[in-house]
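J.: Before I ask anything, here is the structure I am working with.
Laboratory data are not the source of any read-out in this text; all were calculated from the coordinates shown. The structure presented is a predicted model; accordingly, all values stated were derived computationally and were not measured. Reconstructed Cβ throughout: ideal geometry from the backbone, glycine too, with neighbour counts over all protein chains shown.
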Amino acid sequence: MTTSSASSTADHSRSSDIETLKGLIRDVRNFPSDGILFRDITPLLADARGLALAVDLMAGPYRNRTIDVVVGAESRGFIFGTAIAHELGVGFTPIRKPGKLPGDVITQEYELEYGKDSLQIHADAIKPGQRVLIVDDLVATGGTLVACRDLVRALGADIVGITVLIELAELNGGALLAPDTLDSVLTY
């Protein structure tokens, strides 16, 4: 009975945490174009308690797992990724847009709704066999995170999981990440 009560309290606390975070995300209609509902996390980032809560919930599933390095996608993946890396006591490696990293890089192209883009990582940033957590703020169509995953795999690392603050479920981008584990704090 104690376990049930503790579980019930934890469920209520998580539900309360989710509502707190949702209250800090601003809905902006018709941005960046007509018909789009943009989830603006700027108010959440400006709120110290909200930011700490988001990082805590994103890092939570990985606290008792072996992680060697956290990678984050430009640009909001840097915000959450560095904080999560600090929380887990490991280093952080950025995945950037082309032309932003000096030295030897590897590049991964990915599809956009109307075209292509690419991401890069330093060729020596991750060692084969390292256990990696991939972080971004959001998964929508999944293209960015698939490119991140492919870059990490190209370096011979093992993906422990992928964590995001927001998953836009109707766009089904999370399905593209299977069989890797996707943990999302908020689902819209």
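J.: Using Cα pairs under 8 angstrom and six or more residues apart, how large is the relative contact order of the chain, in percent?
T.: The normalised contact order for the chain reaches 17 percent.
J.: Right, something else. How many angstrom lie between the Cα centre of segment 119-188 and the Cα centre of segment 32-82?
T.: Here the two parts' Cα centres lie 13 Å apart.
J.: Given Cα pairs under 8 Å that are at least 6 residues apart, what percent is the relative contact order of segment 85-188?
T.: Here the relative contact order equals 23 percent.
J.: Now a separate question. By count of other Cβ within 10 Å, fewest leading, how are TYR188, TYR114 ordered?
T.: TYR114, TYR188
J.: Can you give the Rg to Rh ratio for the chain, taking only C-alpha atoms and Rh from Kirkwood?
T.: 0.98
J.: In addition: Name the long-range amide H neighbours of LEU101: under 5 Å, sequence gap of 5 or more, or other chain; modelled H, no Pro or chain starts.
T.: Counting only residues 5 or more places away or on other chains, the set is empty.
J.: May I pose another question? Under 24 Å Cα to Cα from LYS100, which lysines show up? Leave out anything in the same chain fewer than 8 places away.
T.: Once the sequence-local lysines are set aside, what remains near LYS100 is LYS116, LYS127.
J.: Going by how many other Cβ atoms sit within 10 Å of their own, how do ASP180, ASP34, ASP40 line up, fewest first?
T.: With the sparsest Cβ surroundings first, the list reads ASP34, ASP40, ASP180.
J.: How do ASP68, ASP158 rank when sorted from fewest to most other Cβ atoms within 10 Å of their own Cβ?
T.: ASP158, ASP68
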